[in-house]
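The values are calculated or read from the model by the stated rules, or taken from the named source; none is laboratory data. Everything numeric in this text was worked out from a predicted model, so none of it was measured. Note: ideal-geometry Cβ built from the backbone for every residue, glycine included; neighbour counts use all protein chains shown.
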Amino acid sequence: MNLDRSMVALSITDTNRGYFKLLDSIRPNHISFSQFLGVSASEYHEKHKGSEMKITDFANKDMMVTPLFYSEINMWKKYVDKMPKTELKKFQKRHQQLDNIINKKLQEMIG
């Protein structure tokens, strides 16, 4: 993307519309959306300097991004199929933890 220009267009899709609406809802009235988007990018950069995931990680073609929770099940299948064995074990443990939380909540609702 050429950011040396004075104007750049954004594509609003069903996937990112909610993010932009959320950003706009917390934007102070005296700051333009463009400026607030820049402030948000700066804040993101500051908070992700360490070992956490960085925006540049998305450029790695081998990167695996966790699907959104309510993504289509085929997205989850692809995600699990590509997982290394060590990550799959961690994922299974988290799944069991979530299952326990859900089962406990359901038991409270029933009983």
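Brief remarks follow.
- If you go through the stretch 1-31 and keep only what is more than 28 Å from Leu68 (Cα to Cα) and either in contact (Cβ under 8 Å) with a residue 40 or more places away in the chain or surrounded by fewer than 10 Cβ atoms within 10 Å (Cβ to Cβ) (or both), you end up with Asn2, Leu3, Asp4, Arg5, Ser6, Met7, Pro28, Asn29, His30.
- Scope the stretch 82-99; condition polar (S, T, N, Q) and part of a loop (DSSP other than H, G, I, E, B); matching residues: none
- Residues that are in a loop (DSSP other than H, G, I, E, B), within 24 Å of the chain's Cα centre (by Cα) and closer than 15 Å to Gly38 by Cα, drawn from the stretch 4-20: Val8, Ala9, Leu10
- Among the numbered conditions (1) polar (S, T, N, Q); (2) at pLDDT below 75; (3) within 28 Å of His95 (Cβ to Cβ), the only one that Thr56 does not meet is (3).
- Residue check: Tyr70 meets all listed conditions (1) surrounded by 10 or more Cβ atoms within 10 Å (Cβ to Cβ); (2) within 28 Å of Thr15 (Cβ to Cβ) but one, namely (1).
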